[in-house]
Amino acid sequence: MKVLVIIPAYNEEKNLERVVSHFRRVCPQFDYVIVNDGSTDQTESVCRQNQFRYISLPVNLGLSGAIQAGMKYAYQKGYDMALQFDADGQHLPEYIQDMVDCMVQEHCDVVIASRYYDGKMPLRMRTIGAKLITAAIRLTTGKYLSDPTSGMRLYNKRIIQQFVKDENNSPEPDTLSYLLRLGAEVREIKVEMEERTEGKSYLTPINASRYMIHMLMSICVFQWFRDRKVVL
């Protein structure tokens, strides 16, 4: 099984060397590619100086554009699985092999690294939004996902093809909802995640509220009007 870990990076000069070195030490059996998403800091220099495998986008396309670029790379290189993995240090590579094993054993299409697999979710603004998104997905698909906002997800070859053929797919919960409606099999495994130690998250309280509203509208309304470009 050829597995590619896609690491989107936007202005992650303070985190990238530590994160990629940790990944390479823990998971030497897996390939990786950093997608430098039009960074304005020294992210590309860090990649070049450390001889990391990377591709650079000429402008900032956002997370969806970076993941799309990584998926196209995975498709062109013939990878069997692709995993999205944050460059900020929150995701732990120690769980990647477990996710791959789950996909192989369960013959599923997507594996999500879930922080809330045991049902324990701390009560704060971000998790309230996650609960609402979980409820929206369950309402529209009949499927329960404990952590649909997790950014650590593994996709099989069919989903890689789906991303390449339909650029409306994104690394967001509304795409998970859409894939479930197309018949994708999604599994979750229990993980722990770290807090960001360097740099700033774009999810300020205002942005988090906007994100939640956008996801709820997309899952409950907009996804029903999408063309079904199905490869499943």
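The values are calculated or read from the model by the stated rules, or taken from the named source; none is laboratory data. Computed from a predicted model, the values in this text were never measured in an experiment. Cβ coordinates were reconstructed from backbone atoms using ideal geometry, including for glycine residues, and neighbour counts include every protein chain displayed. In case anyone asks, the SASA skips ligands and DNA or RNA and just uses the protein heavy atoms, side chains included. Shrake-Rupley method; radii C 1.70, N 1.55, O 1.52, S 1.80 Å.
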Query raised in the report: Which peptide among 219-225, 166-172 comes first, and what is the full order, when sorted by highest mean count of other Cβ atoms within 10 Å?
Result: 166-172, 219-225
**Report entry** W224 versus E195: modelled label distance in nm, points set 7 Å from Cα along the beta carbon direction
**Finding:** 4.1
Requested in this report: At 1.4 Å probe size, with every protein chain present, just tell me what the per residue accessible area of the chain comes to in Å².
Outcome: 49
Query raised in the report: Between Rg and the Kirkwood Rh of the chain, both from Cα atoms, what is the Rg to Rh ratio?
Result: 0.93
Report task. Summarise the accessible area of the chain (1.4 Å probe, protein heavy atoms) by the percent that is carbon and sulfur. Result -> 50
Query - Size of charge dipole - the chain - debye, nearest 20, with Cβ of Lys, Arg +1 and Asp, Glu -1, no other charges - result: 500
Query raised in the report: How much length, in nm to one decimal, is gained on full extension between E17 and H214, taken as 0.36 nm per residue of separation minus their Cα-Cα distance?
Result: 67.6 nm
Report summary line: XL table K2/K72; K131/K190; K2/K190; Cα-Cα > 25 Å flagged, in table order, is none
Requested in this report: Would you compute, for the Cα atoms of segment 116-185, the largest minus smallest coordinate along each principal axis and list the three values in descending order, in whole Å?
Outcome: 38, 22, 21
Requested in this report: Work the Kirkwood hydrodynamic radius out for segment 63-139: mean of 1/r over every pair of different alpha-carbon atoms, inverted, in Å.
Outcome: 15.0
Query raised in the report: How do 60-70, 7-17 rank on mean C-beta neighbours within 10 Å, highest first?
Result: 7-17, 60-70
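Rounded to two decimals, what is the ratio between the C-alpha radius of gyration of segment 35-95 and 2.2 N^0.38 Å?
1.17
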